[in-house]
Structure formats: structure tokens, C-alpha cells
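Below is one structure; the comments refer to it alone.
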Amino acid sequence: MPSSETFSEDDSEDPLSEGDTILALEYSIASQQLRSAHTAESSEVTIKLPRSDYSCLMCNERFSIVSALERHFRSVHRGVSLLFECATCGRTDPRPQSISTHAPKCRGAIPAPVPAGGEWCCEACGHTSETRSGLSQHKRHNHPALRNEERIAERSRAPAQKGRKPSLWSREDEERLAVLEVKYSGQRNMNALIAKELGNKTNIQTSEVGKHLPALVDAYVGTQGHNIARPLLQGLKSWSEGNKGADALLVSATVEFLKPLLSHHGPGKRKRHFISGQKGQEKVVRQPYRSWMGRRARRRGCYLTYRALFSGKRSRLVSLILDGTSKIECQVPLAVVHETYKQKWETATPFKGLGAFTPFSKADNGVFNSLITEYEVRESLAAISPSSAAGPDKITKGDFREYMATVAIMAMFNAWFVTGAIPDESILIPKSANPEHLKEIGNWRPITIGSMILRLYSRVLTKRLAIALPVNPRQRGFIQAPGCSENLLVLNTILKQAKRKHEHLAVVFIDIGKAFDSVSHEHILQVLQMRSLDNHVIGIIRNSYVSCLTSIEVDGERTPDIKIMTGVKQGDPMSPLLFNLAMDPLINMLESRGKGFPTHDGEIAALAFADDLVMLSHSWDGMSHNIKILEKFCSLTGLSVQAKKCHGFLLTPTHDSYTVNDCSPWRIGGGDLHMISPEESERYLGVGLSPWVGIAKPDMESQLRHWIQCIDEAPLKPSQKVVILNDFAIPSLMYQMDHVESSITSLAKTDGLVRTAVKAWLRLPMSTCDGLLYSRCSYGGFGILRLAKLIPSIQIRRMQRVADSDDASIRNLLQSSDTQGDFQRLWTKAGGTPENTPDLAKVRTAPLLSQTPLWNGPIPMVLVLLF
């Protein structure tokens, strides 16, 4: 917020206070005297600070800030010297900044009774001393009563401190600021109003401390918790008594809570809404390239575009350079988009029940016995990405931190949690207090609970729901575990074991068409009921899908609202867990009654990562049996499987080797699925899997060489090219390098490509020491990633995490295979010795923090008062 007030016609009409009137009279008299005296070149004008009005005493021209007045004197009244004086102690300085920063902390002039002779004289007996401390010692020994009175008088004045000065803001000042921020929220010139009421602070100081507003408001709200909880308390009492108007009270209380957030007039928002354009660089609207533009102009415009993207939207710049596309816009007409998704989402998926399909286990409803704590709210809020997309209300994660205290959010969430209802109505609040203005609809503002608020609430509940409803261990998607690494390692280990032990192995990759969009709501609710989840919690989940509407934005235009009758909500934190729970009966049936591949710890029939399902079996007939289970599940739940998008292979052992696909293809959904040949590979979880070689090795060297060429041709500075290569291009290949058995030779060759490109961009001789490139930036190097050393260490840590999996079947499979030998080879690549290689079977890490109870805090006062 700027430190000055801008004057308008409305300001000039406001009645002056008594102090302002006296100040105006002083200015008028002084200006009259100056004008009548025909001020000479050597005249001097003194301005006392601080003051709210900056008028020129020579020509009565008015200014809003002192720096404008200073510039006016330099340009118009050049012969007049300007001096600024502290109104409290009389200190003067030609620089206004010096007095402006001195005035708020000025404590007045300190009397210094020094006689003309330069000696310090005792007023009681006339004794003189050369120093002030000598006079103090004289009074202490000879006039103790007088010295005691002086000490009492000096207690009101804080002693001067050497070194760093203490903070100018006391705890009382901060608490008062928090109250005033809430009081003046949404008003123009907010900092000026707060500084005027505080009295001893300037606009600049108020604005700077306002940057730490969330912590101050949290403290204020925490001390006034009973006032904040009163509207919700009334709604909860009405609900507990069974009154019909309880829902209306909860809606009203929720709107009161969210009014500063949803109306975008909360503390801190003033800097973006009321003075937009006054500070910072104005947004430049660039015209499209024309044919008359020369080559130089086009190159300059391209460079400016890339520079702007590098500074603000670096990920979009990376897509533009590496992939050739920055942002793909949908070109489909809006009407076609609306009609397509309306038919898709407003048509309920036919659900016939689950039949013999049963879920994994019963629910642990004990985790819902306690209320939502402030710690859960803070943890869930911190887990939201700052770049998370806002809903139609444009509320972002940053808005929560600026407007809402976590204790207030906790109270609101607990009201929703206890009553089991989420207000979904739009409420109109007035923009003006004038009854005449309120007759027009334009003077009312609709307030609706936005998607970001509901996502935060959903995230809080999802953490508890994941503990209450654990899914089958074969499902590794959307859990706190390296699910991709575990499934890839298990599948590759089983493939190696089948070849080494000459065993049959059947593998089929299943593609469930539009699984997230087509799962039935009845399907989800029945799974929750079969797992004996608390009916109150089921009601909360059901209510979150009642009257659920969405719209699609295409080229700045939105489609009409579409009611979601099927599928899980996209972008909702609870959706992945609900989908896993919906798929849990299928995975449980495949593991219990399917025919899987035998391992040391039993059979494994399925590997799932969300909707990516892989079925395993020990024979062609066993896989046919598993496919029948899948088809039965799809016929009951309304899900569909397309044969042309499913792939599989069969390994058949011979006396000294094995064959691939020496069988007829399996049929699924009425068609033959595609059998993967030895030359082909199926992409699974980001890597290619081949029946012949296992995890296929991609040509990452060619990919990196192509990216380096694209970066080299981009209109960027040399240092920017290095950043794009080191921070984006190389990390994009690390996932595949981690899961592919890359040799040290290939990694070293890749490092050579990177070194050559970096030295060429920075105009360094090729003989430059490589240590300069690989040293950390804090040590004076460039911090370039060295893949030959980094990738083996990453692979070691990955294998250790997988070996410490919470799934006993995965741990036992790794112990029974030759994984320890692979781990020892990686250990040696990373620089270790075979003698000190850790044993994977004994590797155990510390328990995760998320496995500890999260709701052991005190019960919120809002419900203590209720019950």
C-alpha cells in the first residue's frame, strides 16, 4: 500500500478537524508573509514533519507526498533552500527521508544543562564537574534524595541502547494493528487510516508490518475465538435441537466467516485491488507480428517474449523450447464441448450391485471420533500447491493465508463435520447501506462457497478416510509409498524369475475406458457401506456429490452448468481415494479367487496403480479365468474394457530357453487383445516393458542431444540456457534413467554431451576443469548435475525404499530373488565397496510422520460450549 493519500474532490469537501483548521491557518499566515516579503534567492523555508498536508508556502500548490513537494521546490523555487524539521524535538535536515524515519521514534529533546563554561554544575550546592557522569556521582554521594528524584523522572524515558535498536513495534502495537486491519478491511487508503488511528506510526511502517498480517490476524482471532465461534455456535445448537432452520443458520454463519475471503476485500488484498497499476511494471499489450516488421524487430520481440516467460512462467517456456508447444488451446466449438460432456456426465452409469465382489476389510471408524484440529488444517493447507488452479471464484491458496485464520477455518470445518452438511447455496450480500441503492440488483454481490474451500475441507477428511479405509496392498496408486517403483520392480523381478526358473508367465495390461469419469456414485457408496463406514461420514461424502455442478472454460468462455451424475470430481483430493475404494472389490477378488503367478509368499494376480491394472497368471488358462472375473465386475458396475487398448504376452519355457506368445490371443470384451511381440514394448508407468528384455532402454542420448539443440537455438542468454538444461531437461530424463539399468559408460557419455554444451554456451575453453562445472554454486561452481554419480545413488535409495515397503509380499519377493546382487552392483557404481554393502533385508527406515495420530489436540471451544 502506498504511504501517501491521494486527494480527490470528495476529500476536499470533508469537514476539517480542529487541528487541521489550526494547521491550515498557520500555512495561510506563513504563505502570506512569504509572498509579501518577495523572497530572495537565499531564502529558507522550513517544513515540520510529520504532517498530512504538503502545500507549497510560496504558491499554495498542494501535493500528496513530501517528495513531490521537494521536487517542486527544486524546479520552481530554485533559489529557496528547503529544510525539514522534526515537530517533536526540532531536529533539522535538508533530506526529508531522514526526518520522516526519525519522527516516529522521536522521544523529544533531552535537556542537557551544560553551563557556559563547559562544566556540569550541581543546582543544589553549586559544585561543578567536568563530565555528566561525574556530576551524577557527586549527587549520588552528597544529595541522594535529589538524585533519587532524577532517577524517578528518568524512568519514563527509555535508556539509549548501543548497537542494534529494539523493534519499534511492541506486542500491544501488533495486536492493535491486527484489530485495525480487520476494522478497515476493504476501505481505500487503508494504511493511512490505520496510521492515523495508531498516532505514532507512518503509512510506510504500517504497510511494511502489514506484510506479516496473517500471523497478526491469527493471533487476534485466536484471542477472540469465542466471538468468531458465536454464529456457528447458534447454528450447531439449532441443529442439535432438530430445528428446521438449522441449515439456514449454518449457511449464514459460513457466509459471515468467508465474507472477507469471497468478497476479495480482506486484509492484504488492498495492495492488488485498490492501487493496481500505481506500482510495479504495467502490463504491455503486444501487437501481433506484421509483415512490415523487419528481421531485427522480430528477433527483438521473440527475445522479449522468451525473457518474460523465463522470469514469470518458466515451465511454459520449457514446453515451448523442448516440445515446441507452449499452451495448446482447445479449438472445438463451445456448444460441441457442452453437449459432449453433458451427455457424458449427466447420464448415470448403470450399476447392478457388486454381487460376490467384496472389499478388502472393514473400516476403522475410531479415527472419526475426534474433531478436526488446527494442525490438520495447517498441514492440509501446506500440502496444496501454490500453483493449484483456482475455481470460478478465483480464490487461491494465498488468499487463505491473507484472509483466514486457521482457527476460524477449523471452527467452520468442524461445524460442517458435525452436522454433515456443506452449504451449497449462493447468498446475496449488499454492497451499500443505502436503501435506495439496494433496490437495484447491481448493488448486491452473490457469495458462494468456492472450489478451493471445498478442496481444503476434502483434503482434511481424505487423510482420515485413508487411515480408516486401507485398500488392498496390490493397489499402489495415490498412497504414501513409491508405488510406481514398487510395481515396476515387482513386475520386472517376476519376469526375470520366470525366465530363470523356466516358469510360465502370462501378463495382460488392462485399459479401463474413462475409468474416473464413468464410475457410478452408487458403486462408491455401496463399497463404503459394505466396509461398514460410519453412516454419518457416508452422508458427508454423499452430500458432497448432491447438486454438484461444473462448467468448462474454452477460450475465455464458459459452458452452462453441467450436473455431475457419474464419475468422481476432477481435482478433488478425495477422488483418487474414492476411485481406489471402488476398484478394491475387483483387486480383492483377483487376489483371493484369481489364478496368479506363484511367488515365495503366495500368488500375485494383480498389480494396480489407480486405473492402470496389470493381471498376472501362471498359464494361459489362468489368465482366461482372471479375464472372466474382470468382465463380470465390469458388467455389474457399468465400467467398460476395450480389447484394442489391452495388451498382453505369454512366456512359455522350453528345455533351455523360452518362447513368447506361442498361443492364441485372449479375448476380452468380445474382441482379441493385442499380443506384444518380442520386438515391441508396452509403456507402463512411464517406461517401456518388453517380454524379451524386460524394462526396455530408451535412446536417451538422442533425446538429450535433440533438447540441447533446441535450447541452443532459443533466443536466451547463455546463463539462461544452462538453467533450462540443468533444471528442466536433465531432470526430465532422470525417472527413466532411474528405472532403466543404465551402464556407467552410457551415463558418462551423456555427461560429456552436457559438458560440451555448457562450455560452448559460456564461451569456456574445452580444456576447462570439469570440477568448475560440477562444484556447487555456493562453492563458486555451476552446480551441473553429474549423472554418472547421481543416478546410481538415486537407484540405491529407490531400492532401499522399496525394500522397506509396508507390503510384506513385496519385501519377501525381493528377498527371495537376486535383488541383493543387483543392489551390490549399484552400490559399487555409486562408489562403495562390496564389503560394506548393506543388506536389503535389514534396511528399515524411521516411521513416517503421517502414521502418527494427527488429532490429539484439545477440543475446539466452539463445541465445548455446545456440549
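The values are calculated or read from the model by the stated rules, or taken from the named source; none is laboratory data. Since the structure is predicted, the reported quantities are computational estimates derived from the model, not experimental observations. Note: ideal-geometry Cβ built from the backbone for every residue, glycine included; neighbour counts use all protein chains shown.
Observations on the structure shown:
- Put simply, of Q703, Q642 the only residue that is under 27 Å from G596 (Cα atoms), surrounded by fewer than 17 Cβ atoms within 10 Å (Cβ to Cβ) and under 38 Å from the mean Cα position of the chain (by Cα) is Q642.
- Selection within the range 771-814: residues that are touching a helix residue (DSSP H, G or I) at 6+ places or on another chain (Cβ under 8 Å) and among the polar types (S, T, N, Q). The member of this set that is surrounded by the most Cβ atoms within 10 Å (Cβ to Cβ) is Q795.
- In the range 559-584, the residue that is surrounded by the most Cβ atoms within 10 Å (Cβ to Cβ) out of those that are touching a residue at least 60 places away in the same chain (Cβ under 8 Å) and farther than 27 Å from K352 by Cβ is P573.
- Within the range 645-661, considering residues that are modelled with pLDDT of 90 or more and assigned to a loop (DSSP other than H, G, I, E, B), the one surrounded by the fewest Cβ atoms within 10 Å (Cβ to Cβ): N661
- Residues that are in contact with a helix residue (DSSP H, G or I) (Cβ under 7 Å, 6 or more places away or on another chain), under 18 Å from S719 (Cβ atoms) and free of Cβ contacts under 8 Å to residues at least 12 places away in the same chain within the range 751-770 comprise just one, T768.
- Criterion violated by K595 - all others in (1) crowded, with 20+ Cβ neighbours inside 10 Å; (2) charged (D, E, K, R); (3) touching a residue at least 60 places away in the same chain (Cβ under 8 Å) satisfied: (3)
- In the range 347-367, the qualifying residues are those that are under 32 Å from the mean Cα position of the chain (by Cα) and farther than 19 Å from P585 by Cβ, and the one that is surrounded by the fewest Cβ atoms within 10 Å (Cβ to Cβ) is G366.
- Residue in the range 521-540 that is farther than 18 Å from L577 by Cβ, out of contact with any helix residue (DSSP H, G or I) (no Cβ under 8 Å at 6 or more places or on another chain), at pLDDT 90 or above and surrounded by 17 or more Cβ atoms within 10 Å (Cβ to Cβ) present: no
- Here R51, R107, R78 are screened, and the one residue that is of a type in the set (D, E, K, R), under 30 Å from A145 (Cα atoms), modelled with pLDDT under 80 and assigned to a loop (DSSP other than H, G, I, E, B) is R107.
- Top-ranked residue in the range 706-731 [being among the polar types (S, T, N, Q) and over 19 Å from S793 (Cβ atoms); ranked as surrounded by the most Cβ atoms within 10 Å (Cβ to Cβ)]: Q720
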